[in-house]
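A.B. asks: Structure provided below as structure tokens; questions to follow.
The values are calculated or read from the model by the stated rules, or taken from the named source; none is laboratory data. In this text the structure is predicted, and so the values were computed from the model without any measurement. Here Cβ is always computed from backbone atoms with ideal geometry, including for glycine, and neighbour counts include all displayed protein chains.
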Amino acid sequence: MVAVISRKLLYTIVYLCILGDQMSSTTIRVNTSTKKKLEALKAYKRESYDDLFKKLLVMIPEGDDEGKYTDEFRAGLLESLFESKTGQTIPFEQLKKELGLE
């Protein structure tokens, strides 16, 4: 038995399938200078920010041989890397002095 459907219904189904396949989106706020830095990281002009963010997120390790990291641990890794890159750390020798270990 062959089912017969109208062309309009077929187009509606195809449209909904395509629409359903698209991701939902949201708005995020970034400073203009941050946006310019993100734009400079794009592989090509029309690359989406979502694709760019996915590439950046892959740089934060998911885990190691001992297992998967928690989200909190991964956030801590990212924060530590940020602090290190922006000079918000102190030398180990200074830390030992401050803690009275020297």
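A.B. asks: Checking Asp65 against (1) surrounded by 11 or more Cβ atoms within 10 Å (Cβ to Cβ); (2) over 28 Å from Ala43 (Cα atoms); (3) out of contact with any Asp or Glu (no Cβ under 9 Å at 6 or more places or on another chain); (4) not aliphatic (A, V, I, L, M), which single condition isn't satisfied?
C.D. replies: Unmet condition: (1).
A.B. asks: Do you know which of the residues in segment 48-71 that are in a helix (DSSP H, G or I) and aliphatic (A, V, I, L, M) is nearest to the chain's Cα centre (by Cα)? Walk me through how you get there before you give the answer.
C.D. replies: Filtering segment 48-71 for residues in a helix (DSSP H, G or I) gives 49-58, 71.
The next check asks that each one be aliphatic (A, V, I, L, M); those that pass are 52, 56-58.
Values: Leu52: 7, Leu56: 6, Leu57: 4, Val58: 7 Å.
Residue satisfying both the conditions and the ranking: Leu57.
Here's the yes/no breakdown for (1) modelled with pLDDT under 90; (2) exposed (fewer than 10 other Cβ atoms within 10 Å of the Cβ); (3) assigned to a loop (DSSP other than H, G, I, E, B):
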residue	(1), (2), (3)
Thr12	yes, no, no
Thr26	yes, yes, yes
Lys35	no, no, no
Ala40	no, yes, no
Arg46	no, yes, yes
Phe73	no, no, no
Leu81	yes, no, no
Gln88	no, no, yes
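A.B. asks: Any chance you could count how many residues in segment 90-102 are under 24 Å from Leu78 (Cβ atoms), assigned to a loop (DSSP other than H, G, I, E, B) and not aliphatic (A, V, I, L, M)?
C.D. replies: Residues that pass the stated criteria total 1.
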